[in-house]
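Below is one structure; the comments refer to it alone.
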Amino acid sequence: MACLLETPIRMSVLSEVTASSRHYVDRLFDPDPQKVLQGVIDMKNAVIGNNKQKANLIVLGAVPRLLYLLQQETSSTELKTECAVVLGSLAMGTENNVKSLLDCHIIPALLQGLLSPDLKFIEACLRCLRTIFTSPVTPEELLYTDATVIPHLMALLSRSRYTQEYICQIFSHCCKGPDHQTILFNHGAVQNIAHLLTSLSYKVRMQALKCFSVLAFENPQVSMTLVNVLVDGELLPQIFVKMLQRDKPIEMQLTSAKCLTYMCRAGAIRTDDNCIVLKTLPCLVRMCSKERLLEERVEGAETLAYLIEPDVELQRIASITDHLIAMLADYFKYPSSVSAITDIKRLDHDLKHAHELRQAAFKLYASLGANDEDIRKKIIETENMMDRIVTGLSESSVKVRLAAVRCLHSLSRSVQQLRTSFQDHAVWKPLMKVLQNAPDEILVVASSMLCNLLLEFSPSKEPILESGAVELLCGLTQSENPALRVNGIWALMHIDKIMSTHGKQIMQAVTLILEGEHNIEVKEQTLCILANIADGTTAKELIMTNDDILQKIKYYMGHSHVKLQLAAMFCISNLIWNEEEGSQERQDKLRDMGIVDILHKLSQSPDTNLCDKAKTALQQYLA
């Protein structure tokens, strides 16, 4: 059968399949139901904690027979329950075991089992489903294939503390992205799970909490609802705050802090609310201390990075909480001494995952330094910081490289650092290496960073241009990814002479973006690029001789989105500015195109910014 093996069994493997394993499977086919039941119970006891025995039984075809017995109407409830228990135990083995179970269509069989009136059988099916759905090889979509499954699971939540624990765990593992969030939300997940936060069972409380963290992530609809939910007369955010107090288990503190972080980022809680400033932020900083386990430090730093990313005030508070900037430096020295970790298994695990600490530290440094010059200075002055970033740029892990580039990009927003630390460490050299054959997600950030290094005042500008950057950037302007095209053009247009050598390619890329189906932000950036090109002496002519581009600027002046109208206005203002050579000819050509009529209309705009810009432009014609 297809579900038994993907490749033929080699004789060496067969020889290891013991006679006793074959004996267990043979008993499943006994005509006496009592002997079959006893056979399943004996099999259950034989496989507990024995991965070799589990693999043998799967090879010998135990799974199809167990599933057959589980679904047979003539099977007793006790037999069905024991079959579900054995299948759950087989699923707890290796990922290959889970694949074998999935190949035999175990999920539909177990979901069917949930329709039984018997609670013990339902719990056994749910326990097995939980084990299968929490495996990385199981596609989450299998939970959503049949539209009747989610409402039935919601109804089973009230049956027992075990159904509550297993179902919440299934939901939190299978809720990936807005579509899944919407399905669960529409079937009453918030109302059905909220009261479980006050359950007497710690496991139930914990799984309910995890459910809320995945439901709220980047979801304003769920987050706005959660803020107003009452449980035993208390609002959910207050319950979350109680759960992140120091006397609670670390796992509970971290997950509660995640819930509050996600609600804050989704706009449901203000960034200056006490529950964020005085509770959530300090809790996440605590998770970064070296007393915590590796995975707690990683999760704490990454969640804190996400919380403070858009808010300068939170960045300032975090930077002076518990010496966080210095504390993060320890993330690069892990494990500092082998003797500190007495558990060999833990040491082995941590050595394999140490790169996750570096990735988390880079992410948090990037968020901390996003806006404030003093914080950037503190980060760069942290021991060997620039060397660590440069090393991070060439790590084998793509995630670490991306986080290092993001960190560097954040710090490169400082004019002072561009002139000093970045030059001292010749950061541009490893950055140019990163730009060769990197995945798009790294290219987008690295090319943004290159834009900063190519600014007029940056001492790195000349050596970068001499090392082949122009060809690389021209390549980006032809990319299928609009963000990369924009960055390529941005970087190139800092230099007027580049427009004279590569102007045609750049204008072609600009045209493609303005014609394409891109979002408002990308088009706004592209029009701003045109405005900058229109500010260059020789580059002005490239626009004025390109009727296609002029028509596009005219079109965006009349667009329904004010941001795009303003960006198009910048282009026009730079082209007609009187103090520059050739302005009269440019003004005449644009008047003939009907630009002056549009400016008169825009000078009556209800948007004051747009109105002022139009009036200023009209004055250039009168001067």
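Apply the Karplus parameterisation 6.51 cos²θ - 1.76 cosθ + 1.60, with θ equal to phi minus 60°, to every residue of segment 564-576 and state each ³J(HN,Hα) to the nearest whole Hz, in sequence, with x for glycine and proline.
6, 4, 4, 4, 5, 4, 4, 4, 4, 4, 5, 6, 9
Mind giving me the nanometre distance, one decimal, between the label points for VAL562 and SER394, set 7 Å out from Cα along Cα→Cβ?
My value for the distance between the label points is 5.0 nm.
Using a 10 Å cut-off on Cβ atoms, rank the peptides 420-433, 258-271 from the highest mean neighbour count down.
258-271, 420-433
Relative contact order for segment 139-257: what is it in percent, counting Cα pairs under 8 Å that are at least 6 residues apart?
Once divided by the residue count of segment 139-257, the mean separation gives 21 percent.
Residue by residue through segment 124-141, which ³J(HN,Hα) values in whole Hz follow from phi under the Karplus form 6.51 cos²θ - 1.76 cosθ + 1.60 (θ = phi - 60°), with glycine and proline marked x?
After applying 6.51 cos²θ - 1.76 cosθ + 1.60, I find 5, 5, 5, 5, 5, 4, 4, 5, 6, 6, 8, 7, x, 8, 8, x, 4, 4 Hz.
Let me have the 222 nm mean residue ellipticity of the chain computed from DSSP H runs of 4+ only, each contributing -39500 (n - 2.57), with the sum over all residues rounded to the nearest 500.
Counting only the DSSP helices, I get -20500 deg cm²/dmol.
Label points 7 Å out from Cα along the Cβ direction at TYR68 and VAL277: separation in nm?
Once both label points are built, they end up 6.9 nm from each other.
Probe radius 1.4 Å, ligands and nucleic acids ignored: give me the carbon and sulfur share of the accessible area of segment 497-623 as a rounded percent.
50
Could you rank TRP490, TRP577 by how accessible they are, 1.4 Å probe, largest area first?
Result, largest first: TRP577, TRP490.
Given an 8 Å cut-off on Cα distances and at least 6 residues of separation, report the relative contact order of the chain as a percent.
5
Set the Förster radius R0 to 45 Å, insert the Cβ-Cβ distance between GLU515 and ASP374 as r into 1/(1 + (r/R0)^6), and round the FRET efficiency to 0.05.
E(calc), rounded to 0.05, equals 0.55.
What ranking do 142-150, 101-109 get when scored by the average of other Cβ atoms within 10 Å per residue, highest first?
101-109, 142-150
Residues with amide H under 5 Å of GLU234's amide H, sequence separation 5 or more or different chain, H placed in the peptide plane at 1.01 Å from N; which?
For GLU234, no residues qualify.
Testing the spin-label approximation: label points 7 Å from Cα along Cα→Cβ at THR616 and ASN51. State their distance in nm.
For the pair THR616/ASN51, the computed spacing is 6.8 nm.
Using θ = phi - 60° and the Karplus form 6.51 cos²θ - 1.76 cosθ + 1.60, what ³J(HN,Hα) does each residue of segment 73-89 get, whole Hz, x for Gly and Pro?
Couplings: 5, 6, 5, 5, 4, 4, 5, 4, 4, 5, 4, 4, 5, 5, 4, x, 5 Hz.
Looking only at GluC sites (Glu not before Pro) in DSSP loops with at most 10 other Cβ atoms within 10 Å, what is the longest site-free stretch of the chain?
Of all site-free stretches, the longest is 74-290.
Using r as the Cβ-Cβ distance of HIS349 and THR382, and R0 as 25 Å, what FRET efficiency do you calculate, to the nearest 0.05?
0.40
Given a 1.4 Å probe and heavy atoms of the protein chains only, how would you sort VAL444, VAL40, largest accessible area at the top?
Sorted descending by solvent-accessible area, the residues read VAL444, VAL40.
Pull up all non-local amide H partners of VAL137: gap of 5 or more, or a different chain, and H-to-H distance under 5 Å with H placed in the peptide plane.
Here nothing satisfies the definition.
Quick one: if the Förster radius is 56 Å, what FRET efficiency do THR501 and GLU291 give, using the C-beta to C-beta distance and rounding to 0.05?
The pair THR501/GLU291 has a calculated efficiency of 0.45.
Taking 0.36 nm per residue of separation and subtracting the Cα-Cα distance, what length does fully extending GLN221 through LYS433 add?
Contour length minus Cα-Cα distance gives 72.1 nm.
The values are calculated or read from the model by the stated rules, or taken from the named source; none is laboratory data. All figures in this text were calculated on a predicted structure; none of them were measured in a lab. All Cβ positions, even for glycine, are placed from backbone atoms using ideal geometry, and neighbour counts span all protein chains on display. Please note that ligands, DNA and RNA were not included when accessible areas were found on the heavy atoms of the full protein model with its side chains. Shrake-Rupley method; radii C 1.70, N 1.55, O 1.52, S 1.80 Å.
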